[in-house]
Amino acid sequence: MLANANRPAHIETLISGVDRYNPSNVHLLEDYLQQQLANDQYDLLANLALLKLYQFNPAILSPSATLSVLFLSLVNAPFSPDFSLAWALLSDSFVVGAALPPAAPDSDDDEDDEQPARPATPQGEKETALRLFELSKSLQARKMRGFWSLFKEGVKGAEREEQVQRRIEGLVEAAKGCEDRLRTNFAQEVERSFRSIKRATLQGFLGFQDASKLDQFASARGWTVRGEDVQLPANDSNTPKAQVTHERIEIEQLTRLVGRTQV
């Protein structure tokens, strides 16, 4: 299991052993998820363990926590398989739109109530999950300008659009530094692909409305703004080098090859 420098010892112990399947530990993973949101941290393995608990115990599923896991995967590892791994563990409530499980009881008295709890009324959770899925697809296709448009403006006329955008805004507010994290990841992707890029294009890739913020961002990363162009430092990815490969074939190898062709 991959180590995480910010992972508390009790969480490391929990997700490394059989206790990761104990539903009574769900609050520990949910608290740790809130810590990640508040402190600009990210722990994929702990978050997947939380989704696995929800998968095995749908009655304790937290829609808001599930969306937070998806969102953290999206903003911290936008070009990796992290989001797909989290998506694969979602319950039917998010994937096919089944009724959400009832909320967990608030007290022991509620547990003794003979009347079964009613399924929670959906409040745009499924649609928000699908929006995050579409955002992830945009990033996998490197459609960064399309990502920002969908992220900020949504889709006019879409089902429950007002609820979806409100939830997206709530996730952005809860996840400290998430937009900066996204731009950092986008910038790294741009640096792998370009030595020079039009300023307007770069501004669209990074989702800046204010050109002065692009200048500040470029300066911090060591980019050079020259009029309408931005020059990026050379690296192994954006500076292709011709390579000449020499292969040496021994006469014995050639003899065997010729011999096989005669069969």
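Things to note:
- Number of residues in the range 195-218 that are over 13 Å from LYS143 (Cα atoms) and either exposed (fewer than 15 other Cβ atoms within 10 Å of the Cβ) or among the small types (Gly, Ala, Ser) (or both) equals 11.
- The requirement of being among the acidic types (Asp, Glu), exposed (fewer than 14 other Cβ atoms within 10 Å of the Cβ) and part of a loop (DSSP other than H, G, I, E, B) is not satisfied by GLU169.
- The set of residues from the range 167-182 being more than 23 Å from GLN203 (Cα to Cα) and among the charged types (D, E, K, R) comprises just one member, ARG167.
- ARG183 being at pLDDT 95 or above, within 20 Å of the chain's Cα centre (by Cα), among the basic types (Lys, Arg) and not in a loop (DSSP other than H, G, I, E, B): yes
- Taken together, ARG160, ARG181 contain a single residue that is outside the structural domain of VAL225 (by TED's automatic domain parsing) and touching a residue at least 24 places away in the same chain (Cβ under 8 Å), which is ARG160.
- Set PHE147, PHE151: member being assigned by TED's automatic domain parsing to the domain that holds ASN76, in contact with a Ser or Thr (Cβ under 6 Å, 6 or more places away or on another chain) and not in a loop (DSSP other than H, G, I, E, B): PHE147
- ALA38 vs. criteria modelled with pLDDT of 90 or more and either part of a helix (DSSP H, G or I) or surrounded by 16 or more Cβ atoms within 10 Å (Cβ to Cβ) (or both): yes
- The one condition in (1) under 28 Å from the mean Cα position of the chain (by Cα); (2) touching a residue at least 24 places away in the same chain (Cβ under 8 Å) that ASP210 fails to fulfil: (2)
- Within the range 6-29, the set of residues being part of a helix (DSSP H, G or I) and surrounded by fewer than 18 Cβ atoms within 10 Å (Cβ to Cβ) comprises ALA9, HIS10, GLU12, THR13, SER16, VAL18, ASP19, TYR21, PRO23, SER24, HIS27.
The values are calculated or read from the model by the stated rules, or taken from the named source; none is laboratory data. A quick note: this is a predicted structure, and the numbers were derived from the prediction, not measured. Note: ideal-geometry Cβ built from the backbone for every residue, glycine included; neighbour counts use all protein chains shown.
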